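Here the structure is laid out as structure tokens; the discussion comes afterwards.
The values are calculated or read from the model by the stated rules, or taken from the named source; none is laboratory data. Everything numeric here is computed off the predicted structure, so don't read it as measured data. Note: ideal-geometry Cβ built from the backbone for every residue, glycine included; neighbour counts use all protein chains shown.
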Amino acid sequence: MSDHTAYIIGVDIGTSSTKSIVRGMDGKILAVFQQPYATHHPQPTYSEQDPDVILAAVKAGIREVVARVGAAPAAISFSSAMHSILAVNSEGVPLTPLMIWADNRSESYALALRNTPEGQLIYRQTGTPVHAMSPLCKIMWLREQQPSLFAATAQFPGIKEYIFHHFFSNYIIDHSIASATGLFDIHTLQWCAPALAAAGITAAQLPQPVPANHIIKGLHADIATELGIPANTPFVIGGSDGCLAQLGSGAMDQGHATLTIGTSGAVRMAGQQPLTDAHARLFTYLLTDDVYITGGATNNGGVVLQWLVRDFLQKPLSALNDLVKEALLTDPGRLLCLPYLLGERAPVWNSHASAAFIGIQPQHTSAHFTRAVLEGICFALYSIKTALSETAGPVHKISVSGGFTSSPGWIQLLADIFGQDMYLQEESDASALGAIILAARTLGWPEPDSGTPEPEAVFKPDVSKFEGYQEKYRRFLKVYQQLEFLS
């Protein structure tokens, strides 16, 4: 590449990997690098990662793409998974592994707080449902279960804050990530006093909140050398993966929702107001200080299919795509799947929820079970979309993305169940792209694209199937309500 190439690096710190993407001023993607890492489950309900392994992946990604381009970046901007937390001492040394969003060890604390007046006030002020995913509840667990460690903790950063401290020796957190902690008041943009009291910590033990377009310079000289960039390279702190995916997908207009299915899944929509749902079914996080993202996430996306193939059907994961194709040619009839293999977040927020098959008959084959799982995941997402419509207004357009989009039949199934067109987005790295767009605007770069990106394809619903799915969805809800008390 030319030494005069103007480009931005978008770093997306995900649950299973970190991806670094280079985009030039003209909008062209110049390089991509992905570094995977593992999640550990040392006990039931625990989901942990090594923060230094992720730090190394971030550094490797930046170093690799800079070397490929052969010139220094104009800026580096960050997207990160939400809800992670670890404890560090006064010298920044981790006292715990990184607890990620899937860690449910604090569920009893979340249940005890959620429906109290205090818990309801915290939800209204923070926009984050009281659930085991949130750093609020994880800190409550640490205080009670590991009191000596809790007493030795100087700071409670998430993964991006830990990395920025390593780079700059400052603990800062963007408003977007902060708004997903359950500890941040989305109305005042300050740490939430009732949440701090519930956690038993002070604001001084949390990073300093800054806007998503905040720029920091002064990278440590040794790290600058390691990464192959100047020490004065601007770092844009960025935001959360979910909020930046909305920006990267071009879904910023009212009524335009995004639907993603990867390991988990989500339905989201942008707005200008810090909405909270009367039934506490949805989150509201900040993208920037005048843009809010309202929606809900399910724990159970592609991970349920992987379990079905590997553990239930006992087939190699390489058979998954063929099983899905075969399943979409079958009719499971009244066979119904509740897909809550990992408990559930939106809209039920029930860590105890469990998966179930209902209506099994002798004629049901692996294809029928696979189709029931596909439908169950779609029904779970439809329930989030229903809550979103009731809270944030009608959903007029849905853009879909994520690993599931490699199956056109699954997208068509979603269209039939929702009774709406599904717009397939060509951009598969929406979070990293959102981080780059945010940085480009911060630097004052001209927008390389105008308006919403054109969809790669549009999947229209078969209206003759919609009513039948509505009846099956009503049964889905009824079965969950009946089984809820047994979980």
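Numbers for the structure displayed
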quantity: Among the candidates 263, 276, 294, residue that is polar (S, T, N, Q), assigned to a strand (DSSP E or B) and either at pLDDT 95 or above or not assigned by TED's automatic domain parsing to the domain that holds residue 389 (or both); calculated: 294
quantity: All positions within the range 141-164 that are aliphatic (A, V, I, L, M), more than 17 Å from residue 14 (Cβ to Cβ) and surrounded by 18 or more Cβ atoms within 10 Å (Cβ to Cβ); calculated: 142
quantity: Residue 343 being touching a His at 6+ places or on another chain (Cβ under 8 Å) and among the small types (Gly, Ala, Ser); calculated: yes
quantity: Meets criteria (outside any loop (DSSP other than H, G, I, E, B), closer than 23 Å to residue 212 by Cβ and not hydroxyl-bearing (Ser, Thr, Tyr)) for residue 177; calculated: yes
quantity: Test: residue in the range 374-389 that is in contact with a strand residue (DSSP E or B) (Cβ under 6 Å, 6 or more places away or on another chain), farther than 17 Å from residue 412 by Cα and surrounded by fewer than 20 Cβ atoms within 10 Å (Cβ to Cβ); calculated: no
quantity: Residue match in the range 40-56 (condition: buried (at least 17 other Cβ atoms within 10 Å of the Cβ) and of a type in the set (A, V, I, L, M, F, W, C)); calculated: yes
quantity: Qualifying positions in the range 30-81 - in contact with a strand residue (DSSP E or B) (Cβ under 8 Å, 6 or more places away or on another chain) and charged (D, E, K, R); calculated: 48, 50, 52, 64, 68
quantity: Selected residue (criterion: modelled with the highest pLDDT) from residues of the range 420-454 that are in a loop (DSSP other than H, G, I, E, B) and within 23 Å of the chain's Cα centre (by Cα); calculated: 429
quantity: Options 107, 118: the member that is touching a His at 6+ places or on another chain (Cβ under 8 Å) and touching a residue at least 60 places away in the same chain (Cβ under 8 Å); calculated: 107
quantity: Condition broken by residue 192, with the remaining ones in (1) of a type outside the set (D, E, K, R); (2) closer than 19 Å to residue 82 by Cα; (3) free of Cβ contacts under 8 Å to residues at least 24 places away in the same chain satisfied; calculated: (3)
quantity: Members of the range 322-351 that are among the polar types (S, T, N, Q) and under 24 Å from the mean Cα position of the chain (by Cα); calculated: 350, 351
quantity: The range 195-234 - residue that is in contact with a Gly (Cβ under 9 Å, 6 or more places away or on another chain) and free of Cβ contacts under 8 Å to residues at least 40 places away in the same chain and, of those, surrounded by the fewest Cβ atoms within 10 Å (Cβ to Cβ); calculated: 232
quantity: Flag for residue 387 being in contact with a Pro (Cβ under 7 Å, 6 or more places away or on another chain) and in contact (Cβ under 8 Å) with a residue 12 or more places away in the chain; calculated: yes
quantity: Number of positions in the range 279-308 that are under 18 Å from residue 356 (Cβ atoms), of a type in the set (A, V, I, L, M, F, W, C) and touching a helix residue (DSSP H, G or I) at 6+ places or on another chain (Cβ under 7 Å); calculated: 3
quantity: Exclusive hit being in contact with a Ser or Thr (Cβ under 6 Å, 6 or more places away or on another chain) and at pLDDT 95 or above, set 228, 255, 238; calculated: 238
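Here's the yes/no breakdown for (1) buried (at least 21 other Cβ atoms within 10 Å of the Cβ); (2) in contact with a strand residue (DSSP E or B) (Cβ under 6 Å, 6 or more places away or on another chain); (3) among the hydrophobic types (A, V, I, L, M, F, W, C); (4) under 15 Å from residue 227 (Cα atoms):
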residue	(1), (2), (3), (4)
86	yes, yes, yes, no
96	no, no, no, no
120	no, no, no, no
128	yes, yes, no, no
